[in-house]
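Below: the structure, in structure tokens.
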Amino acid sequence: MGELRAKWKVNMYAWLLLLPSLIFLLLFTFYPVIQTFILSFHQADLGSPEPFFNGIDNYKQMLEDEVFWKVLTNNIWFAIGTVPTSVALALAMALFANKALRGKSFIRTAYFYPTVVPMIAVANIWLFIYTPEYGALSHVMEWFGKGDMNWLGDQKNVMWAMIFMVIWKEAGYFMIFYLAGLQNISQELYESASMEGASSWTVFRRITFPLLMPTTMFVSIIAFTNSFKLVDHLVIMTKGGPDNASNLLLYYIYETAFSFWDQGMASALTIVMVVLLLLVAAFQFFGMDKKIHYN
Amino acid sequence: MLRKITTVGMYGLAVLWLFPLLWAVWTSFRPRELATSWSFSADFTLDNFAKVWDAAPFDQYYINTFLIVTGILVAQMITATLAAYAFAKLQFWGKDVLFVLFLVQLMVPADILIFPNYNVLRDLSLLDTKIGIMLPYFASAFGVFLLRQTFKTIPNELEEAARMEGCSWFQILWRVYVPLAKPTYIAFGLVSVSYHWNNFMWPLIITNSVENRPLTVGLAIFAQSFETGAQWAEVSAATVMVIFPLLLAFLLFQRQFINSFIHSGVK
């Protein structure tokens, strides 16, 4: 009887401890998602003061919406452009910053500082860099005798300009996780490798890289989520333009909800976003995770 | 040879990475007529900062940001500590289900739910309030997982010893677990502070008055009010002003900052 009571007491304790977190989690993650799911089956825009049920009309409309497809494609290219490059660069930075003999802390600071700068401030600075004629990039192009380019005003260039800027912003952040990962690899492994006279490339390929696999996985997931989350710069730099060439899913949700006030459609778009992110999480959790070697 | 090329390349990368900041700082001290020219002269001025300070209520924005960041941090520390202890040390009914629910927040962060969360805040009549900016972030799954990992490494014997000495449960948490997890708290605190100092989209949607607007939103409004390139020097000055406190803190505590990350179990 006493054991049962002790058990009951622990249960009560645990739930009380979790309650504060749980309340905010329910209120700002689960309840909104459920509400949004319901609202996504309703017509709720400026023309309909009382939302009414319209089945899957929003989703149908979305599939026929060219802008939606463009934004989704943009976002996929944005992810392909930013994730592998910034992760690879972060690994290179970490390997170098870990070993650099001179100016170690200078190197780390230089690589890492963009992380602590607000995206909105970054956007202001890079807007100047990319401005035709006066911008820093134009001046540099001039030195090389190249013609001026309109980086943000040209549909062909704008995505590249954004991808480069985001890599600059994020690589240093991911470097930190790799630095942490490198600390965990036992020195003995490196010592025995050097006893056997392995080349540094072999050491990287056979020891460092495989043992950093969990870090790579973790960092890739953050990078991927970020490629759907980062939109602050669009407000300052392009507003998604020209002609939606730099528009991304979350910014499109923002426009749909707060510029066009089409709440039904904004809900449907949000649901697509949530499903997309959960699918990636599931893929990571059940698929990739098993193949990784943990030490 | 190859090693030399890599070394030069990596130092070159560092210089390339520093360029945007240095350029912004440089421009912010230049007289406005010279801001867009690419000339090197000895002309420097503080006019831009003076103008910016007068043109927008940046003092109020600083206070707002400070209050918001502090409020979120304090709330997160409390909720995360309690939840992390439960997940790390207690066996209870529904643990696995709850754990998965917390995991979901990692994948679907509040930033993505801007539209639905706006509706929640409207229903709570908390639009355009500082507490409204803070609330969605009061629970942090990231913080819970980070602390849980750390608490797990603290041996149960310590807790039992403290209990023998008559410590209450709260005293044990406060005197045993919290001090031993200090590096993790520092690392999480740094992540949280820089994240919320920089957050933009959510406060932009929620606020429409000077009393509640944080620095990022204030800066965006200030920068957007200029149509031409003529005011670059002023926009640069405003940008530098907003970046400065966090950047200074980072430069001063650079070593601790990066080390606390590395040793906190953020992996």
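The values are calculated or read from the model by the stated rules, or taken from the named source; none is laboratory data. None of the values given here were measured: they were computed from a predicted structure. Heads up, the Cβs are rebuilt from the backbone with ideal geometry, glycines too, and the neighbour counts pull from every protein chain shown. When the accessible area is computed, the model is the full protein with side chains, heavy atoms only, and any ligands, DNA or RNA have been set aside. Shrake-Rupley method; radii C 1.70, N 1.55, O 1.52, S 1.80 Å.
Of all residues in the range A:1-18, those satisfying the criterion of being open to solvent by less than 90 Å² (accessible area, probe 1.4 Å) and either at the interface with chain B (Cβ under 8 Å from one of its Cβ atoms) or touching a residue at least 60 places away in the same chain (Cβ under 8 Å) (or both) are A:V10, A:N11, A:A14, A:W15, A:L17, A:L18.
The lone criterion from (1) more than 12 Å from chain A (Cβ to nearest Cβ); (2) assigned to a helix (DSSP H, G or I); (3) closer than 24 Å to A:K7 by Cα left unmet by B:F99 is number (1).
If you go through the range A:128-146 and pick out every residue that is open to solvent by 50 Å² or more (accessible area, probe 1.4 Å) and touching a residue at least 12 places away in the same chain (Cβ under 8 Å), you end up with 1. Would you check if B:L158 is within 21 Å of B:V100 (Cβ to Cβ) and either assigned to a helix (DSSP H, G or I) or under 17 Å from the mean Cα position of the chain (by Cα) (or both)? For B:L158, the condition - within 21 Å of B:V100 (Cβ to Cβ) and either assigned to a helix (DSSP H, G or I) or under 17 Å from the mean Cα position of the chain (by Cα) (or both) - is not met. Within the range B:38-55, being within 14 Å of chain A (Cβ to nearest Cβ) and in contact (Cβ under 8 Å) with a residue 60 or more places away in the chain holds for B:N48, B:V52. Scanning the range A:237-261 for residues that are surrounded by fewer than 22 Cβ atoms within 10 Å (Cβ to Cβ) and of a type in the set (A, V, I, L, M, F, W, C) gives A:A245, A:F258, A:F260, A:W261. Restricting the range B:44-96 to residues that are touching a helix residue (DSSP H, G or I) at 6+ places or on another chain (Cβ under 6 Å) and part of a loop (DSSP other than H, G, I, E, B) leaves a set whose member that is modelled with the lowest pLDDT is B:A56. Considering every residue within the range A:211-218, establish whether at least one is more than 10 Å from chain B (Cβ to nearest Cβ) and under 17 Å from the mean Cα position of the chain (by Cα). So far as the range A:211-218 goes, yes, one or more of its residues are more than 10 Å from chain B (Cβ to nearest Cβ) and under 17 Å from the mean Cα position of the chain (by Cα).
Tell me, yes or no, whether the range B:76-90 has at least one residue that is hydrophobic (A, V, I, L, M, F, W, C), touching a residue at least 12 places away in the same chain (Cβ under 8 Å) and more than 14 Å from chain A (Cβ to nearest Cβ). No, there is no match, as no residue in the range B:76-90 is hydrophobic (A, V, I, L, M, F, W, C), touching a residue at least 12 places away in the same chain (Cβ under 8 Å) and more than 14 Å from chain A (Cβ to nearest Cβ).
Taking the criterion of being under 21 Å from the mean Cα position of the chain (by Cα) and either more than 8 Å from chain A (Cβ to nearest Cβ) or in a helix (DSSP H, G or I) (or both), the residues of the range B:105-117 that qualify are B:Q105, B:L106, B:M107, B:A110, B:D111, B:I112, B:L113, B:I114, B:N117.
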